[in-house]
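*Asks:* Quick one: the structure is below, and I'll ask about it shortly.
The values are calculated or read from the model by the stated rules, or taken from the named source; none is laboratory data. Just so we're clear, the structure is a prediction, and the values are computed from it rather than from any experiment. Neighbour counts run over all protein chains shown; Cβ positions are idealised from the backbone, glycine included.
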Amino acid sequence: MVQYKVRNWSQSSKSLQNRGNISFWVTEDALSKGCAAKDPDFIGAPRQYADEAILCLMMLKMVQHLPYRQLVGFISWIFLKIGISLPIPHFTTRAERARQ
């Protein structure tokens, strides 16, 4: 097995710190589709979140390998960093809508 000696510790430290960086691009179109449109023919409680928003959350869940409850914290942290204040669906809402 080949072992390499670290010669530049500051660069090595920075590269290890940058491994945890995550970049997201959120468009205005995606933000506007966060809330579901009201359907006059729908019987029952109206849906609060659009299908696109639930789909986006489910993709993040799959990519990051997060359980539903941890996904709530992850999404709220992302919204805090981006500076947006959108309601986040409860984990049971996402689980139910993911089954449909």
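*Asks:* Scan segment 14-26 and report the pairs whose first residue is surrounded by 10 or more Cβ atoms within 10 Å (Cβ to Cβ) and whose second residue is not aromatic (Phe, Trp, Tyr), with Cβ atoms within less than 7 Å and a gap of 6+ or a chain change.
*Replies:* Val26/Ile82
*Asks:* Taking segment 1-43 as the region of interest, how many residues are at pLDDT below 70, farther than 29 Å from Gln64 by Cβ and among the hydrophobic types (A, V, I, L, M, F, W, C)?
*Replies:* 3
*Asks:* Which numbered condition trips up Val72, out of (1) exposed (fewer than 13 other Cβ atoms within 10 Å of the Cβ); (2) at pLDDT 75 or above?
*Replies:* (1)
*Asks:* Provide a single number: the residues in segment 82-96 that are modelled with pLDDT under 75 and part of a loop (DSSP other than H, G, I, E, B).
*Replies:* Counting residues in segment 82-96 that are modelled with pLDDT under 75 and part of a loop (DSSP other than H, G, I, E, B) gives 1.
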